[in-house]
Structures are given as C-alpha cells and as structure tokens.
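Take a look at the structure below.
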Amino acid sequence: MSRRRLERLLNLTMCLMATSRFLTVSEIGDMVEGYEPGHGGDEHEAFRRMFERDKQYLRDLGIPLETGADSFGDEVGYRIRRDDYALPEILLSPDEAAALALAARLWSTASLAAPAASALRKLAAGGATTSPPPGAPGRAAASAVAPGPAELFGLDGLEPRVDAAEPAFEPCLAAVQARQAVRFPYRKPGEAEPTDRLVEPWGVLSWRGRWYLAGHDRRRDAPRVFRLSRVAGPVRPVGPSGAVRVPDGIDVRAMVTRASSASPDRLRAATLAVRLGAGHALRRRARPVPAAEGGTHADRLGVGADMDLLRISFADVERMARWAAGYGADVVVLDPPDLRAEVVRRLTAAADAAASAAGRPRPPAAVAPADAEQADAEQADAEQADATGPGQRRVDGPAARPRAERRARQEAPSDDRLSRLLALVPWLRARPGVSVDEAAAAFGITPRQLRDDLDLLFLCGLPGGAPGDLIDISYEGGQITVVDPQTLDRPLRLTVDEATALVVAARALADLPGLAGRAAVARAVERVERAIGSRPAEQVRVKLDAPNEVLAVLQRALRERRRVHLRYLVWSRDEVTERDVDPMRLLATDGHWYLEGWCHQAEAVRMFRLDGILGGAAGVRLLEAPAAPPPTARARDTSAGIFTPGPGDLLAVVDLAARARWPADHYPVESTTELPDGGLRMTLYATGTAWLRRLLLGLGGDARVVGPPALATEIHDAARKALTAYDDAPAGWAPTGRPAPAGG
C-alpha cells in the first residue's frame, strides 16, 4: 500500500471517530487530508470511487463504520463510534498473557500467524504484558534471566507447529465463521474426476497434520467429512450468511477421527517371508510364525534360510499388497492367495511400466522451462544451506507439502501495515520512553521500519492540520513517548480472524503433555472470549499428535540436558541404527513429533521422527553424559518444510494414475502438473532411491517413471528380481524378466 493512501486512511479513521454526527461523503472529501473531491463530474466521480474503496478496506480491517443520517438531513453519512471501535479492557495476569504469547507461536502459516500476532499486539496496546512474571515456577527465583513463555509453562524445548497451506482452508474457515454454505469440486481417492459438492459447513479441524471440513452434504443429504487437500478447485460461497445452522451436540473432532480411522469389520492374516535385516516397518506389526507351522512353507519358491516367516494382520488387500510389493525381493507373500496374486500383479505392472519408460525420450511436459529454472535456483539454495552448517538438510523420515507452496507461504506478507499503525500508537502511549529497538522487536519489524512508521504518524491527525490537530510523538535519544494520540488512544477490537487464531492455538496448547499452568491458559481464553462477546473458535479445532511415552522421556532429557541413545529406524533406507544424540528441541509439524539434536554418529544436526524410534520408551536410553552440542550446531529453519534437497539428490519425474494421486500429498513434492486423463505428474527430489523404489514398486502400473531413465531401469530390475520368488508369476515370465521365446 502506498504511503499516501496510508496517510489518507489514518486521517479518515481519526476524523470519523472524532465526530458524534454522521459526516456526508462531501463533508469527508472537504475535511480529510488526501482527498480531492473536485468540482467537475469526472473528478468528483473519481473521488467517490476512491472513498468507496477506502470505506470497504476499513471495514475489511474490522473498523466499524456506521451508516446513518442526522435528523436535519436526508443524505447518508458515516461515523465510527469509539465504543464500537475500541478493544474492551482485558485484564490479563502475566502468566495468562504469557500463555497467549506462547500459543501464537503454534502457527507456521501467514494466514493464521499474522492474525494471531496482530491480536497479541492489540492486547499489549491495551495494557497487557507478554513478559513472564519473575520467579516463575520451576526456575530459581534468583536467576538473572527471566524465563520465557515456554519455560514458564514447562515446555522449553517443545515447538509445536501447525500450518494451513491448503488453498481451500481460508474460504472454508470463512464459511464456517459466516455460517454460509459452500460449493467445491472434490476428488476422492481412486476417482479420476472430481465431483461437485454442496456443503453446509459445521467446523474445520487439523488432525494428524491435515485439515478437514465437517458438515452436511446437501447432495447426499448426509453428514460428511472432506480433507481439504483433496478439494480440486475454488471454494465458492452459496446463499446468504447466517443460513447454516450447526445441529446441537455436533462433535467435529469425533466426526473426523471416525471418518479417518474407521476400524475394519474383519481382519485377515497374511504369511510373509521377510529377509533378515530387511522389512523393519513390517516387522513392527508382525509376529513370528510358530516353528510347527514354518515347515509347511519351507519348500516354497523364494523362501530361503536367510528369511524369517512372519504373520501380519491386514484388512485391505490392495493396501497390504502395495506395502509388501514395495519391498521387492526382500518380502515374499506366501498366503492368502488373493494377496499373493495382487502382489504379483503389481510387480508385473511395475516391471512393464518401467521397461517402457527406461528407453523412451522425456516428454516436453515433464518439466517446463520455468520449472527447470526454479529447480536450478532451489538447488543452489540447498547448496548454500548446506554451507551454513552440517546436517541442515537431512531428516530421517518423510515430510509433506510441495516445496514451491511452502516457499510462497514463507514469502507471504506477515502483516497489514495500517493495522500495525493503529496498534502502534496506543502501544507506545502505554509505554512512555520505550526504546526504538524494544518497540521494533515487539512488532516484529526492524528499527528502520519503525522509524518510517513514526515519520508517517507525525503527518496524520484530525481535520485542520494545525499542530494541535496532529498526532504528537516525542522521539529523542532513541526513546519514544506519545504526547497526544488524538483519537487513537485505544487499540482496535479483535477481528473474528484474530480471536479465532489466538483462541484455537491456546486450546491446542492446553492439550500438550507436560504443560504447567494449564489453568492460566483456560483463564486467558475465557477472558478473550468474554471481551469480544462470542466464542469464534468453537467450530475450529487443532488436534496435535497424541502424547506418548517416548515424548515424555525426551522431554525429561531436554530438561535435564542429558544425552540420549536411540534405537532408530531410518525408514528411507529400511535400516535400524543406533545413535547417541544431544537433544536440542522437540518439534511438532505435519502431524508428527520430531527430535532435533546433534547426532554423534553423523557428526551433524539431524531430525528423528519419534514414531521411528523402535521399542517405544525402551528405544530411548538416557545417558549420564551431558548434552553438549558443539557451538556450530544450529536448529534448522523449518518454515519451508522439514526436507530440503541437497546438491547430490536425485530429481525424479513420475506420472501417477488418477486413482494413485495420493503420494503428491504425502511426500515433499517440488511441483505437480495435471494430466489429461485425471492423473498427476509429480516432480520431487530423493536422497537416495531406496524409499522411492519402494513407493513405485508398490504402486505397480499406477506409476510411470518419466525420468531419469536410470531410475526406470532400477525399478524394472527390482520388480524382475522380486518376481522370480513367485511360482505363480505370469506365464511366459522368465527369470531374466523378459518374455520367454515362443515355442520353447
């Protein structure tokens, strides 16, 4: 926004707050500095259009412009009632204010982080402090350094993060808040084309790192749950606001968890031969076949002395076959026959698809020139990131979200400057003599930006422009004091978005394990909701990953600053490792908890997904050695995602069939392109090819490697080798993986 418009909007706001009567548009044009109403038709029409834009902008910001007419005139006018504008006094104790400050850190997406930060600034401008009280529980009162909010609540070292990168999130949230129906195209797994949905929204929920919309599907006349990442087009409002009624007793969390975790009616058992030292994820869910039964399988093709016989429960043949086929020759399904046949079908299809792809030229649509340039630029970024310190790009566990999307989130503007200026004046007034550096830090801007804000405020004020009409700010010796704020002595009340972002985050915070001062969090939420007169976050929830015993042990290690020994499954390599790690923090993102620390085996900072620690709490051993990461160890900036590609990583291009689009939503994809048949082309980096090979083998013919050719060859050879272990492989399939010659 231009500086000139900012001045005009500030002047307009103060003018309309300073009057008790309704000012007509013509009066506003004559009184407010920055408008030029003119006398000719074209000039006056331009002024009217400018005012209409400004009026709508102020309303969108939450400023309550009241429309009416005085008794002596018929022309419509405008004013701002100060009681409607100003944030009611919210008296927060230091621990309550600290709870809200800690909660606001939950959001990693600008669309939620910015409103939460704006809400905190307004509360601070109203007199609340976000500094924790001295002598906080759990810390020595004589400590020279006051504890921060995380330490105050016993969460030092824990950093939960929630984002909302799906394009459908904001319009769905707005529809829930407005109680307005929405229409959108939705693609269910396995369907080639999206179907049109008309939904009365009841609530949105973040669960296991994904956002869901729960509501009533009018077309099906039934309650339904929709994962927002599967919304395949724009979300459009339908009908008037306030028309949707949420039935009493609706539990959005229960709806989502039931839809996502429905237990099967009947489980079946599969018998697998698993090579020693392989198939570790399968082994975690399986049990050994009793010795008395093992002999019945000893003569089966592909089952040798280097394989264990395991039994595993499953419900869905296709999912279990995808999992088993992904391990190639390291896992052989012995029974049941339908599962074995499905694995053979997938391996055969994978071999055929890879054989046709290995020698074909790369289609022009694989990576457009602009995408190639972006990939090169991001590769350079990755090399630079590696140069800043060891281990900055590796993560032991898969992550999600397209990298370009994460980058756009990171570069999105974090705040509206007019909103900041409206909060800055009362904030400075409540803290006479505050330093430039302290004020800049409180608002998350640089000292230079703060000085620019002060320079602009010096020029703004009430109509007339005389010295007594302008905002009067003393700025001497690097200290700031507001002498006369004019009408901006109170902060603007919280918007629905701001209150929702803050309250939802605080409620999620209350679910964290080991939280001290839980009552302070509840009191802070209650005070905010009472002040705004509503519960805006009632139908918006965030469910963090459930606490577990591993998290509790690692929290203890962080508190006591002790080294830990981990027995850890590197899922990407199907390898069990033993690690000594100096914990640095526990991070929750994309629905999973991670331990970040200095790994003595790798001699670098590494991240470990907690569900990859084998044996639960028994897989973590606290050592007597103190945790002492070297001075070069730095926590990673994860705002762009957990995984960052490195200079040696493989750039793969894969075409997915319409029914197998889900990998693009589960792995760190660089870019995606829609295909004419409803499929999807995904481009992604891979650190090594082991996990990518497992993925593509399991997908069978639903995935085709576009490039590089070497990857297609690797998939072909792995599928061919795996098929030699099956005596019921397709007729004519020779051990070399090529059809046998006709006629023998």
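The values are calculated or read from the model by the stated rules, or taken from the named source; none is laboratory data. None of the values given here were measured: they were computed from a predicted structure. All Cβ positions, glycine included, derive from the backbone under ideal geometry; neighbour counts span all protein chains shown.
Of the residues in segment 598-619, at least one is in contact with a Pro (Cβ under 8 Å, 6 or more places away or on another chain), farther than 26 Å from GLY277 by Cα and of a type outside the set (Val, Ile, Thr). Within segment 449-487, if we keep just the residues that are of a type in the set (Gly, Ala, Ser) and surrounded by fewer than 19 Cβ atoms within 10 Å (Cβ to Cβ), the residue that is modelled with the highest pLDDT turns out to be SER474. Annotation: of all residues in segment 17-56 being small (Gly, Ala, Ser) and outside any loop (DSSP other than H, G, I, E, B), the one that is surrounded by the fewest Cβ atoms within 10 Å (Cβ to Cβ) is GLY41. The numbered conditions (1) surrounded by 18 or more Cβ atoms within 10 Å (Cβ to Cβ); (2) among the hydroxyl-bearing types (Ser, Thr, Tyr); (3) within 20 Å of the chain's Cα centre (by Cα) are all true for THR257 except (1).
Could you tell me which numbered condition ALA602 fails, if it satisfies all but one of (1) out of contact with any Phe, Trp or Tyr (no Cβ under 7 Å at 6 or more places or on another chain); (2) within 19 Å of SER108 (Cα to Cα)? The number of the failed condition is (2).
The set of residues in segment 547-589 being among the acidic types (Asp, Glu) and either closer than 30 Å to ALA329 by Cβ or surrounded by fewer than 19 Cβ atoms within 10 Å (Cβ to Cβ) (or both) consists of GLU549, GLU560, ASP574, GLU575, GLU578, ASP580.
Being in contact with a His (Cβ under 8 Å, 6 or more places away or on another chain) and either closer than 30 Å to LEU587 by Cβ or at pLDDT 95 or above (or both) holds for only one residue in VAL204, VAL182, VAL176, VAL199, and it is VAL199. Regarding LEU123, is this residue of a type outside the set (Ser, Thr, Tyr) and either under 14 Å from LEU502 (Cα atoms) or at pLDDT below 80 (or both)? So LEU123 fits the description; yes. The strands (runs of 3 or more DSSP E) falling completely within segment 177-242 that include 3 or more residues that are touching a residue at least 60 places away in the same chain (Cβ under 8 Å) and more than 18 Å from ARG661 (Cβ to Cβ) map to 195-207. Against the test of being buried (at least 21 other Cβ atoms within 10 Å of the Cβ) and in contact with a helix residue (DSSP H, G or I) (Cβ under 8 Å, 6 or more places away or on another chain), the options ALA499, ALA442 yield a single qualifying residue, ALA499. Scanning segment 201-226 for residues that are buried (at least 21 other Cβ atoms within 10 Å of the Cβ) and either within 21 Å of GLY678 (Cβ to Cβ) or charged (D, E, K, R) (or both) yields a single hit, PHE226.
Would you confirm whether any residue within segment 647-659 is crowded, with 20+ Cβ neighbours inside 10 Å, closer than 18 Å to SER572 by Cβ and touching a residue at least 40 places away in the same chain (Cβ under 8 Å)? Within segment 647-659, one or more residues are crowded, with 20+ Cβ neighbours inside 10 Å, closer than 18 Å to SER572 by Cβ and touching a residue at least 40 places away in the same chain (Cβ under 8 Å). Listed by first and then second residue, the pairs linking a residue in segment 670-684 that is part of a strand (DSSP E or B) to a residue that is of a type in the set (Phe, Trp, Tyr), with Cβ atoms under 7 Å apart and 6 or more places separating them unless they lie on different chains, are GLU670/TYR685; LEU684/TYR667. Close contacts from segment 613-626, counting a first residue that is within 21 Å of TRP571 (Cα to Cα) and a second that is crowded, with 17+ Cβ neighbours inside 10 Å and of a type in the set (Gly, Ala, Ser), with Cβ to Cβ under 8 Å and a gap of 6+ residues or different chains, come to ILE613/GLY619; VAL620/ALA557.
Here is a yes/no grid of residues against (1) under 30 Å from VAL581 (Cα atoms); (2) at pLDDT below 75; (3) part of a helix (DSSP H, G or I):
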| position | (1), (2), (3) |
| --- | --- |
| ASP338 | no, no, yes |
| ALA372 | no, yes, yes |
| ALA375 | no, yes, yes |
| ASP386 | yes, yes, yes |
| PRO390 | yes, yes, no |
| ARG394 | yes, yes, no |
| ALA399 | yes, yes, no |
| LEU418 | no, no, yes |
| ALA423 | no, no, yes |
